[in-house]
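Structure, as structure tokens:
The values are calculated or read from the model by the stated rules, or taken from the named source; none is laboratory data. All values reported here derive from a predicted model rather than from experimental measurement. Please note: Cβ atoms are built from the backbone with ideal geometry, for glycine as well, and neighbour counts cover all protein chains shown. Only protein heavy atoms, including side chains, enter the accessible area calculation; ligands, DNA and RNA are left aside. Shrake-Rupley method; radii C 1.70, N 1.55, O 1.52, S 1.80 Å.
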Amino acid sequence: MSLTSPTSEAGYSVTRIQQKIQAAVLPVTGHEKLGLGAALHRILADDIIAPVDVPAFDNSAMDGYAFAHRDLLSHQELSVVGKSYAGHPYQGQLQPGQAIQITTGAPMPAHADSVLPQEQARLINATVLDMRDITVHKGQHKRLRGEDLAAGEVALAKGSRLGPAELGLLASLGLAAISVTRKLRVAIFSTGDELRSSGQNLDSGSVYDSNRITLHAMLSCFGAEVSDLGVLTDDPDVIAAALTRVVPLVDVIITSGGVSAGAADFTKQVMQQLGQINFWSVDMRPGRPLAFGHIRNNQHCACVFGLPGNPVAMMVSFYFFARPALQLMSGEQVSTTLPVRAIITEAVPKKMGRTEFQRGICALDASGNLQVAITGAQGSGILSSMCRANCLVMLTPGQENIVAGDTVSVLLFEGLL
Ligand code: AMP
Ligand code: MG
């Protein structure tokens, strides 16, 4: 095929490119019904309206004795007339001067509004409680019906990602199955004549393809259905055939390599011939070159990301450009990782005007303050630094050379849930 020289747009900020990409993607259609056990990390397709109150009845937050607080004005002792155990409510009617033994989660009997915790209870004999000098307030240790969720309210909004707490909340409503958006279908491939797969000989000038497995793993963590198309050689016809064939089968195509200005970067040229693709030079490090757009094949259209070939640049570009777009396509809101502030332990040279991500190791110092060290050489191909790191130090375009002791923004790799 004949190729023209692609045009590049230079010098966009990370934020500007994120905005452009996010404005150009739409949520996919298609839902599926799943049992809660299979719904971890999926995205809710509809609002969930609570069908019941949670909790469904007033109950005790402590093991102890349930009583009516006003009785304290008229009684120094209360008679213990029965029990309410979790799953076994008290069946009688509480009369003035009476209390019942109660366990955590057991229904409060009518007229009882407070609970004397077990540890504070003094029994005069098996059925008489001494209430002198008791400091329980009215309503203390009583959990109210509907205090977690009231029937009729939106318990979880459409677009929520289902983590452990969300799944528990759905179960607390008695729901067994829910509608989630379908998984995104994503095809990935690596490009480059130098790439070898494991098992192959590493002949002179070649490198093992690591991006495909990293990309596959990042997409699996995200929750996409991944088709691995392997390695494509730097041959425009091969790349064109692969792209065209896969467009009808997937929502997104993600490639790595071949989008910078190098002589053999045919991915860029082929993409430009086949679709509406932007080639950006982003003011960031690592990860300057980026391709994004759409390729059509008849009535089908797939969104395309051409990520840089250098392994760390590829990962960083995935997180900051592809992942938010995939979230929107999945029907989710874009979730931004909250930066934390840490004191940097060393100087970092930094150029004004671009975003730089340094791989860092965050730890608490002896006084409990967060500090961050850099993992050493920051070349965009040094993948071992991503393994040593537990965070990215994010230096914004307005920042210049950093000195030891400066406070910087850090994005931690791991969250709690
Ligand atoms: P490119 O973006 O194609 O110019 O590649 C930039 C650098 O990334 C080169 O050193 C490539 O060998 C390397 N590279 C490209 N693709 C991969 C890959 N899939 N796995 C590991 N390294 C890669
Ligand atoms: Mg290449």
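Using only side-chain charges placed at the Cβ, +1 for Lys and Arg and -1 for Asp and Glu, the dipole size of the range 59-143 relative to its Cα centre rounds to 180 debye. Taking Cα centre as origin and charging only the Cβ of basic (Lys, Arg, +1) and acidic (Asp, Glu, -1) residues, the dipole magnitude of the chain rounds to 400 debye. Which percentage, to the nearest 5, of the DSSP beta bridges contained in the range 1-110 is antiparallel? Counting DSSP beta bridges with both partners in the range 1-110, the antiparallel share is about 60 percent. Think of the chain as a dipole: +1 on every Lys or Arg Cβ, -1 on every Asp or Glu Cβ, centred on the Cα centre; then among V408, H137, V282, V282 lies furthest on the positive end. Taking θ as phi - 60° and the Karplus parameters 6.51, -1.76 and 1.60, the scalar couplings of the range 327-340 work out to 4, 4, 5, 7, x, 9, 6, 6, 9, 9, 5, 6, x, 10 Hz in sequence order, x denoting glycine and proline. With the biggest extent put first, the Cα atoms of the range 59-143 measure 31, 21, 21 Å across the principal axes.
Exposure check, 1.4 Å probe, all protein chains in place: K351 carries approximately 130 Å² of accessible surface.
Between E225 and D406, full extension at 0.36 nm per residue minus the direct alpha carbon distance yields a gain of 60.9 nm. Between the range 345-385 and the range 256-272, how far is it from one alpha carbon centroid to the other, in angstrom? Taking the Cα centre of the range 256-272 as reference, the centre of the range 345-385 is 30 Å away. Counting 0.36 nm for each residue step from T104 to V154 and taking away their Cα separation leaves a gain of 15.3 nm. Against the main long axis of the alpha-carbon atoms of the chain, helix 14-23 sits at an angle near 80°.
Charging the Cβ of each Asp and Glu at -1 and of each Lys and Arg at +1, and nothing else, the dipole of the range 340-412 about its Cα centre rounds to 200 debye. With a/c under 1.5 counting as rounded, go ahead and sort the range 303-351 into rounded, prolate or oblate using the C-alpha gyration tensor (a ≥ b ≥ c being the square roots of the eigenvalues; past the cut-off, prolate if a/b is larger than b/c, else oblate). Here the range 303-351 falls in the oblate category. Mean 1/r over all different Cα pairs, inverted: what Kirkwood radius does the chain give, in Å? After inverting the mean inverse Cα-Cα distance, the result is 25.8 Å.
For V80, the residues whose amide H sits under 5 Å from its own are A99, V128, L129, ignoring neighbours fewer than 5 places away on the same chain, with H placed 1.01 Å from N. Nearest 0.05, what FRET efficiency do M352 and R388 give at R0 = 25 Å with Cβ-Cβ as r? In this case the efficiency is close to 0.35. Between the alpha-carbon centers of the range 66-114 and the range 163-188, tell me the distance in whole angstrom. Distance between centres, Cα-based: 40 Å.
Taking a ≥ b ≥ c as the square roots of the eigenvalues of the alpha-carbon gyration tensor, the range 124-208 is classed prolate because a/c is 1.5 or more and a/b outweighs b/c. Split the accessible area of the chain by element, probe 1.4 Å, and carbon with sulfur accounts for 53%.
Among residues other than S114 with Cβ under 11 Å from its Cβ, the summed charge is +1 (Lys and Arg +1, Asp and Glu -1).
Straight Cα distances below 23 angstrom link K20 to the lysines K268, with same-chain residues fewer than 8 positions distant left out.
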